[in-house]
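Step one of this worksheet: look at the structure below.
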Amino acid sequence: ASVATVPSRNPSFAMISCDDISYFKKILGEKGVVQEELKLDDANTDWMRKYKGSSKLMLQPRSTHEVSEILNYCNSRCLAVVPQGGNTGLVGGSVPVHDEVIISVSSMNNIISFDKVSGILVCEAGCILENLITFLDNEGYIMPLDLGAKGSCQIGGNVSTNAGGLRLIRYGSLHGSVLGLEVVLANGTVLDMLGTLRKDNTGYDLKHLFIGSEGSLGIVTKVSILTPPKLSSVNLAFLACEDYVSCQKLLSEAKRKLGEILSAFEFLDVSAMDLVLKHLDGIRDPLPSSKHNFYIVIETTGSMESHDKEKLEAFLLSSMESGLLTDGVIAQDINQASSFWRIREGIPEALMKAGAVYKYDLSLPPEKMYDVVDEMRERLGTAANVVAYGHLGDGNLHLNISAREYDDSILSQIEPFVYEWTSKQRGSISAEHGLGLMKANKIHYSKSAETVQLMGAMKKLLDPNGILNPYKVLPTSISQSGVN
Ligand code: FAD
Ligand code: MLT
Ligand code: ZN
C-alpha cells in the first residue's frame, strides 16, 4: 500500500549539473557540499520513515552570507531547495519530495548573545533546542518551549513550524516570544529583522510571516527570543480520570485553582498508556493499582515551594473528593518527574515501534475533542488501534491511528472523514505540526479560499520561481501557478 502520495516533479526546476557542484564547492569548500550516500539517505528520510526524497546534494552553509550566496545562485538557476533543521518534523516538510537540494543550517549553531537582565537570547538557527535549554539553565533561565524532540530539533526549525509543545499553556506561542529574526529570501536578500525589543510598532511586523511558514518563504538564519527565568519550585503530578468529561472539568479547575503556577496540562488515553508500557524499555506505570481510561500530567512552576505544594495538594484533594480524579501521584524527586515526562513524551516513539502510524494534529473545542476519537474507533473497529493524547490545556488533540502496516483501506476510513469533522467544528487540521507535504492540499479544510489565495500571492511575491520547499504548505495548484 502507498505510504504517502507524491506530486509529480515540477519540470520547470533545473537538474543539478557538474557546474553547480563546482560552484557550491567554491563558495562552501568541500566540507559544505555533501554527496555521500549514507548521509544523503538520512537527510532524504523523515523521522517517521514515511516520506523519502531522492536528493543527490546537501549543502551545509556556515554563515548567513553563504546561505545568501546559495539561494541567489539556486534562484538564478531555478534549482529547487528544501531547508532542513533537525529533521524531526511530522508532516513530510523537511525532506525533499524529488531531487531538491537540501540546505541544512546545522553548522550554524552559535549562541550570539544573552542578556542576563532581560532574558533575551540571540542565536543562530542551527542551535539544537536541548543545547539552548542547557545553556540557559546555567544562566538561570529556561526556553519558553519544550518538546519531546528537543535532543534533535533546532530553533530555526521550531520557529519555521511555530512549534507548540508542552509549555505553551504557560508561555504562549512563538509568535509571542520570538522578538526578531534574520531571514534569507529566495533571491538571496538578507532581511535583518533581528530586533531585541519587547515593543516595536514600526510598520508591518514581517517576522510573523516566517514563523510557521515551514521554509516556504525564506530560510531563518538567526533568532532572537525572550526566555523566562528558571523558577525554583517545579512539581509534577501524574493523575487518572475515568472519563473525558472529568478531564475537561479538571482543566477548568486547574486553571482556576492553580492559576499562575500551572505550566503544563497534558493528557493521554489508556491506549496511549498501553502502547508506551508495551514498547518503551524501563517504563513503569505510576498508578499500578488499577487501569484507568485517561491520564493527566500536570506541572506547576513557581517561586515558592511551600506555597506551590500547598496549592497543588489542595487542588488534588478537592478533585479527588469531587470524584474528578480517581488516582494520582506527585513526583517525589527529579528522577520520578523525568520518568513521568518520559511516558508522555515517549508516545510518538512508542507509536513508531508499534508499526505504521497515521498522525493527525487537531485544534478542536475541548468539549468536542474526544468525540472524534470515539467516532474513529467506531469506524475502524478492530482494523486499527486509535490512540489519543496531546496538549489538552491548549485544545490540541493528537489523534493517531496505529496499524501493523500502511493500508489504503484503513486510510480511506480515516480521510477525508477526520478533516471534514474538524472543519465542521471550525477546528484546525494542523494545530502545531504544520502542513508540510502531508496536508498541503488540505489547507481549505481550515482556511477560506480568499485567505489561501492571498497566501499564494505572498508566496509569489517572496519566491517568484517557487524554489523554496516546493509541493509543501500550499496546494500545488496555487504554489505552482504562474511559476515560469
Ligand atoms: P525540521 O523537521 O528539519 O523542519 C521542519 C520544517 O521547517 C520544514 O518544512 C523545513 O523546511 C523547515 N525548516 C527547518 N529549519 C528551517 C530554517 N532554518 N529556515 C526555514 N525553514 C526551516 N512539534 C510541536 O509543535 N510540538 C511538540 O510537542 C512536538 N513534539 C515532537 C515530539 C517528537 C518525538 C517528534 C519526533 C516531533 C515533535 N514535534 C513537535 C514536531 C517537530 O519536532 C517540530 O515541528 C520541530 O519544531 C521541527 O524542528 P526541526 O529542526 O526538526 O525542523
Ligand atoms: C507530541 O505532543 O508528542 C508531539 O506533537 C508529537 C506527536 O504528536 O506525535
Ligand atoms: Zn504535540
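None of the figures in this text is laboratory data; all of them are computed from the coordinates on show. The structure presented is a predicted model; accordingly, all values stated were derived computationally and were not measured. Here Cβ is always computed from backbone atoms with ideal geometry, including for glycine, and neighbour counts include all displayed protein chains.
Which net charge results when you count Lys and Arg as +1 and Asp and Glu as -1 among the other residues whose beta-carbon is under 15 Å from that of LYS291? Around LYS291, the charge tally is -4. Exposure proxy shown here: for THR202, THR134, the number of other Cβ atoms within 10 Å sets the order, fewest to most, as THR202, THR134. The order of the peptides 16-23, 433-440, 291-298, 372-379 by mean Cβ neighbours within 10 Å, most packed first, is 433-440, 291-298, 372-379, 16-23. For region 224-235, putting each phi into the Karplus relation 6.51 cos²θ - 1.76 cosθ + 1.60 with θ = phi - 60° gives couplings of 10, 9, 8, 10, x, x, 7, 9, 7, 10, 10, 10 Hz, in residue order, rounded to whole numbers and with x for Gly and Pro.
Set the Förster distance to 25 Å, then compute FRET efficiency between GLU305 and LYS257 from the Cβ-Cβ distance, nearest 0.05. Taking R0 as 25 Å, the efficiency between GLU305 and LYS257 is 0.90. Each of VAL97, VAL387 has some number of other Cβ atoms within 10 Å of its Cβ, and from fewest to most they run VAL97, VAL387. Loop-located trypsin sites (Lys or Arg not before Pro) across region 88-174 with a Cβ neighbour count of 16 or fewer within 10 Å are LYS116, with loop assigned by DSSP.
Using only side-chain charges placed at the Cβ, +1 for Lys and Arg and -1 for Asp and Glu, the dipole size of the chain relative to its Cα centre rounds to 780 debye.
Think of region 111-226 as having a plus end and a minus end, set by charges on the Cβ of Lys, Arg, Asp and Glu; of GLY176, THR189, THR134, GLY176 sits farthest toward the positive end of this dipole.
List the chymotrypsin sites (Phe, Trp or Tyr not before Pro) within region 187-286 that fall in a DSSP loop (any state other than H, G, I, E or B) and whose Cβ has at most 11 other Cβ atoms within 10 Å.
TYR204
Suppose a student asked you for the relative contact order of the chain, using Cα pairs under 8 Å spaced at least 6 residues apart; what percent would you report? Over the chain, the number comes to 16 percent. Against the chain, whose longest principal axis is taken from its Cα atoms, helix 449-462 shows a tilt of about 50°.
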